[in-house]
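None of the figures in this text is laboratory data; all of them are computed from the coordinates on show. No experiment lies behind these values; they were computed from the predicted model shown. Cβ sites come from the backbone with ideal geometry, for glycine too, and all protein chains shown count toward neighbours.
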Amino acid sequence: MSVSASIPDTSLGLTSSEIQILRQQQQIALQGGHSGNGVARGRGTGRTSNSSSRATSAASSQGRLLLDPMSLRALSHQLDGLQAQISHRIEYLEDQMQRSIQNTYDRAGNVIRNADAEIARTREILASIDELDNELAKVAHIRDIVKSFRGRIENLDHRIDQSSRRRR
């Protein structure tokens, strides 16, 4: 195959990273043709295949893409395989991401339930503290009343003592 039956891979309107992928995959497709992975099905494996591989290799090393059907078919199969691998990887990562989200959601739910339980417990404790504060205030008020009565009684006792001394 002549170099004229190829086009520069830079003229395909691809970005530099896409061109790099195309070149890598063209080389892999070329190597795959040698390993008998089924890409060159229906074709002989004699001189034509080797010369096509050499032409593809030469074109690829010059930054060109061969336009012969066999090279394009091999590249197409290679890119289909790569796309399938990427799709499988994306599906796997989506599944892993979904599991991670679900685990995080479950943990967050547990944290919320625990926090709600602790908030309820804290409210109960605060209510108990308020009740005890009220009881303490009542006790303090009763103590003040008792002090007042004791003071009155002591005062009366003191008056009675004075009165009984006077009588004597």
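Could you work out the local net charge near A115, counting Lys and Arg as +1, Asp and Glu as -1, over the other residues with Cβ closer than 14 Å to its Cβ?
Once all neighbours under 14 Å are counted, the net charge is +2.
Could you sort 26-32, 7-13 so that the peptide with the highest average Cβ count within 10 Å comes first and the rest follow in order?
So the order, starting with the most tightly packed, is 26-32, 7-13.
Between A5 and H88, what's the calculated FRET efficiency when r is the beta-carbon distance and R0 is 30 Å? Round to 0.05.
So, using R0 = 30 Å, E works out to roughly 0.30.
Taking 0.36 nm per residue of sequence separation and subtracting the Cα-Cα distance, how much length would be gained by fully extending the chain between T15 and M97, in nm to one decimal?
Using 0.36 nm per residue and subtracting the Cα-Cα distance, I get 26.6 nm.
For I129, what is the net charge nearby, where nearby means another residue's Cβ is under 13 Å from its Cβ and Lys, Arg count +1, Asp, Glu -1?
Computed value for this residue: -3.
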